Structure formats: structure tokens, C-alpha cells
Amino acid sequence: ADLLKFQQGELDSYLLRGQDLATLLPEAESKDFSIWNGGPSILYPFIIFNQSPENIDLELKELFSKREFRYAISALIDRETIIDQTLNGLAEPQMHLFGPNNRYFNPQHSSSYSYYREGAKELLVGHDLIDHNGDGIRELPSGKPLEFTIITPSNDSTVQDILNIIISDLEEAGIKAKIEVIDQNLWIQKLLNTYDWECTIMSGKFPTFPEQWYNVWRSDGNMHYWYPKQEEPATEWEAQVDELYNALIYTYDPLEIQSFYDQFQNILMEELPMIPLYNRYSFYAVYNKWGNINWDSLHKSEETITISMGFDWRRVYLKELME
């Protein structure tokens with residue numbers, strides 16, 4: 001609806017979806033608007049496995065709690081194919097917790113488990129996840145097939161295509177997964193209250209400061225998605241994140257802050273409770289009647305005004321009023 005309103009001139013600006021670029025680019029000159037490429041978005045999707053001991057098969061929970069399993073899943077996902085086939089190539093693989101538009105981004109703290117199918121298979125075999133009966137699906141130590149359901153509240157065709165590629169990647173390695181689309185409210189209840197789920201895909205807009213995500217990062221947070229509301233940290237690494245979180249709240253020295261953030265990013269990328277997928281480029285269309293416009297997630301121009309992933313509309317003006 002907003003796309004049509006922008007095309008008809010009812011909206012002065014519009015944040016593009018990936019598929020909108022092919023529609024709007026041919027119209028830009030004739031309708032007198034510009035399309036800005038702001039670089040990587042601050043919003044990106046990731047895969048999460050349920051590690052809560054409640055209302056889940058305990059053998060699966062034990063498996064999901066092993067970081068080597070999460071490493072294997074990450075290494076089985078062909079992010080380049082996802083980007084090429086579902087996003088028209090307008091994204092880049094996301095292998096960091098924070099993106100480069102975050103002031104505390106450190107490229108050294110990235111996941112080394114990008115697409116590497118043979119390495120992933122070795123990790124699975126190392127945890128006795130082997131196809132003993134030759135049916136193409138690996139078995140858990142109990143003999144049950146290694147299978148799980150990925151729940152999503154989204155009927156968006158792009159999300160479905162992304163999940164189908166992931167499911168195909170996993171199936172080739174002997175892991176059976178299926179998609180279940182559920183109601184948004186039911187999805188929220190499962191994640192935050194009933195915990196009767198196995199795997200999900202969601203998108204997060206990571207804030208500049210981790211302390212802004214108290215409910216996500218702290219082990220007792222009610223949005224600590226993989227295992228919420230822990231009375232005591234279930235793992236040593238979660239206890240370390242809790243300590244770093246508390247330290248950051250009372251730290252003001254910039255160098256010390258950066259050191260804490262480096263530790264924070266390093267722990268979370270080593271443990272990989274959230275498996276990042278890709279970071280799509282952010283495109284924004286604005287009619288040329290507006291001046292002092294820039295859309296850039298990484299830099300601030302000396303000639304134009306921008307804020308992180310958006311405009312400072314206080315500095316934007318109508319050109320006809322300045323003539």
C-alpha cells in the first residue's frame with residue numbers, strides 16, 4: 001500500500017523492500033525522485049534454537065544446547081545462495097553480532113562458521129549424529145531421526161523462500177526440518193511463555209548499547225529467547241555476559257567500554273545462540289523536491305545531514321521555499 005502511495009505522490013519518501021528496487025528504478029527520472037543506498041541495514045534475521053528445559057524433547061534440548069551443533073547449522077547455510085535467489089543479490093552475509101554501522105563494531109569478532117558443508121558434517125559425526133539405517137536422515141543417539149520444526153509467524157514469500165533454501169541445505173546433510181507458519185500472538189506466547197517450540201527465525205534491530213537490550217542479553221530476561229527467565233545462569237558463558245552487562249552500565253571510560261564490548265561480542269559469537277544469516281542493503285526513495293537529504297548507515301557527509309539509518313528531518317527543507 002505504501003509503495004503505491006509513493007508512486008502516486010501521496011508519500012514523499014518510502015523505505016524499499018528488496019523486490020521494490022526493480023519497480024521504482026525505471027520510474028525515478030520521470031517522476032523526479034532519488035533512490036539512496038544506505039549500505040547494510042541495522043535489522044537482520046537470525047536462527048534460534050530452543051534451549052529451555054520446559055515443554056521440549058529433552059534430547060533435542062540437549063543437542064540444541066551444544067554450540068558445536070549450532071556451529072554445524074551455521075556452516076550448512078548457504079548464505080550467498082539465499083542472497084542471490086531471494087534478495088536479488090542486494091545483501092551480504094552477516095557473520096557478526098553487530099553490524100559495521102554500530103560504533104562498537106569490531107570485525108575481529110566474527111563467526112568462523114560460514115558455509116562449509118564438509119566441516120559441518122564432521123561436527124555432526126563428532127556428536128554421534130550419523131545416518132545408521134541409510135534412509136538419508138541422521139539419527140540422534142537414542143535412534144530417533146534428527147528432525148525439528150522451524151516456526152515463523154510470517155507468510156511473506158521471501159521468508160518462505162529463505163527457509164526452503166535452509167531446509168534444503170540441512171536435508172543434504174541428513175537433517176530433516178520443516179516450516180510451520182503460526183499466528184503472531186501464538187508465536188510470541190511460545191517463545192516467551194510456554195516454550196513449546198524447537199527452532200525459529202526472527203529479525204533483530206540491534207541497538208548501539210547492549211544495555212538497551214536488558215531483556216535479551218541477561219539470562220534472567222524474559223526475552224532471552226533461547227532460554228528466558230533463568231533463576232541462575234544455566235551456563236558459564238551466560239554468567240559472563242551477565243557480568244559484562246552489569247559492568248557496562250557503570251563504565252564511562254571509552255577504552256574500557258570498547259574492551260567490554262569486545263568481550264561481549266566475542267563470547268556471543270563463540271557460543272552462537274543466535275545464528276545470523278544476512279544483512280540486506282537499505283534503500284530509501286525520496287522525491288527531489290526535498291533538499292539536504294542523505295541516507296547512509298555508515299558515514300556522515302559534510303554537505304548533507306544523516307542519522308543512523310535515517311534522516312534528521314529537522315534539517316530537511318523544501319527546495320521551492322528556498323528559491
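The values are calculated or read from the model by the stated rules, or taken from the named source; none is laboratory data. It should be emphasised that the depicted structure is a prediction, and the values quoted were computed from it without experimental measurement. Here the Cβ is made from the backbone with ideal geometry for all residues, glycine too, and neighbour counts use every protein chain on show.
Restricting to region 230-285, name every residue that is closer than 21 Å to LYS205 by Cα and in a loop (DSSP other than H, G, I, E, B).
LEU272, PRO273, LEU277
Using the structure shown, decide if ILE56 is part of a strand (DSSP E or B) and either touching a Ser or Thr at 6+ places or on another chain (Cβ under 6 Å) or closer than 30 Å to GLU236 by Cα (or both).
Criteria not met by ILE56.
Of all residues being touching a helix residue (DSSP H, G or I) at 6+ places or on another chain (Cβ under 6 Å) and part of a loop (DSSP other than H, G, I, E, B) in region 151-195, which is modelled with the lowest pLDDT? Just the residue, please.
Top of the filtered list is PRO153.
Under 7 Å by Cβ, and 6 or more places apart or on different chains, what pairs join a residue from region 147-158 that is touching a residue at least 24 places away in the same chain (Cβ under 8 Å) with one that is polar (S, T, N, Q)?
ILE150/THR200; ILE151/THR200; THR152/THR200; PRO153/GLN184; THR158/THR86
Every residue in region 35-53 that is at pLDDT 90 or above and out of contact with any strand residue (DSSP E or B) (no Cβ under 6 Å at 6 or more places or on another chain), please.
ASN50, GLN51, SER52, PRO53
I'd like to check something: does region 55-76 contain any residue that is at positive phi and either without any contact (Cβ under 8 Å) to a residue 60 or more places away in the chain or hydrophobic (A, V, I, L, M, F, W, C) (or both)?
Among the residues of region 55-76, not one is at positive phi and either without any contact (Cβ under 8 Å) to a residue 60 or more places away in the chain or hydrophobic (A, V, I, L, M, F, W, C) (or both), which makes the answer no.
Would you check which residues across region 110-130 are part of a loop (DSSP other than H, G, I, E, B), within 15 Å of LEU76 (Cβ to Cβ) and over 24 Å from the mean Cα position of the chain (by Cα) and list them?
If the condition is that a residue be part of a loop (DSSP other than H, G, I, E, B), within 15 Å of LEU76 (Cβ to Cβ) and over 24 Å from the mean Cα position of the chain (by Cα), then HIS127, LEU129 are the ones that fit.
Is it true that SER142 is surrounded by fewer than 16 Cβ atoms within 10 Å (Cβ to Cβ), in contact (Cβ under 8 Å) with a residue 40 or more places away in the chain and in contact with a helix residue (DSSP H, G or I) (Cβ under 7 Å, 6 or more places away or on another chain)?
Here the answer is yes, as SER142 does meet what is asked.
Checking THR200 against (1) modelled with pLDDT of 95 or more; (2) more than 19 Å from the chain's Cα centre (by Cα), which single condition isn't satisfied?
Just one mismatch for THR200, condition (2).
Is there a residue being over 24 Å from LYS190 (Cα atoms), without any contact (Cβ under 8 Å) to a residue 12 or more places away in the chain and among the β-branched types (Val, Ile, Thr) anywhere in region 241-256?
Checking region 241-256: at least one residue is over 24 Å from LYS190 (Cα atoms), without any contact (Cβ under 8 Å) to a residue 12 or more places away in the chain and among the β-branched types (Val, Ile, Thr).
For region 227-240, does any single residue satisfy the condition of being under 19 Å from the mean Cα position of the chain (by Cα), in contact (Cβ under 8 Å) with a residue 12 or more places away in the chain and surrounded by fewer than 16 Cβ atoms within 10 Å (Cβ to Cβ)?
The answer is no, given that none of the residues of region 227-240 is under 19 Å from the mean Cα position of the chain (by Cα), in contact (Cβ under 8 Å) with a residue 12 or more places away in the chain and surrounded by fewer than 16 Cβ atoms within 10 Å (Cβ to Cβ).
Look at GLU243 and say whether it is at pLDDT below 95 and out of contact with any Asp or Glu (no Cβ under 7 Å at 6 or more places or on another chain).
yes
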